[in-house]
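Right, one structure below, let's go through it.
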Amino acid sequence: QVQLVESGGGLVQPGGSLRLSCAASKSIVKLHVMTWYRQAPGKERELVARISSGGNTNYGDSVKGRFTISVDNAKNTGYLQMNNLRPEDTAVYYCYAGAVPDTSPYVLEYWGQGTQVTVSS
């Protein structure tokens, strides 16, 4: 079964940068969409960024101009480059993928386990 493994979270000072990675554990025939969400304590889950198989991207208003989503299809890995981080970016970040695995003809949904990002001085 395909799993998404996230990495790259941690503690960073305001104004700093982090790059999150989301790697699929097994082969994916086609990635249709990859999305990053985040959830802070006491708040609802928020869409951060999304990228389609055609390369179209969209971002949440609070991260536009600071975050960049990308995918390396050869590595079955997605990335979220986060620059100029702010304390309000503190949250658990989750990746989601809609993809066709090599064991099924259908588009299935996968979630990462989440990675903590803390922005604090």
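The values are calculated or read from the model by the stated rules, or taken from the named source; none is laboratory data. As the structure is a prediction and not an experimental result, all values here were calculated from the model. Quick reminder, even Gly has a Cβ in these numbers, built from the backbone with ideal geometry, and neighbours come from all protein chains shown. Ligands, DNA and RNA are stripped out before the accessible areas are found, and what is left, the full protein with its side chains, is counted by its heavy atoms. Shrake-Rupley method; radii C 1.70, N 1.55, O 1.52, S 1.80 Å.
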Show Asp89, Asp102, Asp72 ordered by accessible area, largest first, where the area counts protein heavy atoms only and the probe is 1.4 Å. Asp102, Asp72, Asp89
Not counting ligands, DNA or RNA, and with a 1.4 Å probe, what is Ser70's accessible surface area in Å² rounded to the nearest 10? 50 Å²
Given a Förster radius of 35 Å and the C-beta distance between Ser27 and Asn84 as r, what FRET efficiency does 1/(1 + (r/R0)^6) yield to the nearest 0.05? 0.50
Can you send over the solvent-accessible area of Val29, 1.4 Å probe, protein chains only, in Å² to the nearest 10? 100 Å²
What trypsin sites (Lys or Arg not before Pro) in the stretch 51-121 are in a loop by DSSP, with at most 10 other Cβ atoms within 10 Å of the Cβ? Lys64
At a threshold of 8 angstrom on Cα-Cα distance, excluding pairs fewer than six apart, so keeping six or more, what relative contact order does the chain reach in percent? 37 percent
For Thr57, the accessible surface traced by a 1.4 Å probe with all protein chains present amounts, in square angstrom to the nearest 10, to 70 Å²
Tell me whether the stretch 63-114 comes out rounded, prolate or oblate; compute the Cα gyration tensor, take square roots of the eigenvalues as a ≥ b ≥ c, and use a/c under 1.5 as the rounded threshold. prolate
For the stretch 1-107, listing chymotrypsin sites (Phe, Trp or Tyr not before Pro) in a DSSP loop whose Cβ sees at most 11 other Cβ atoms within 10 Å gives Tyr106
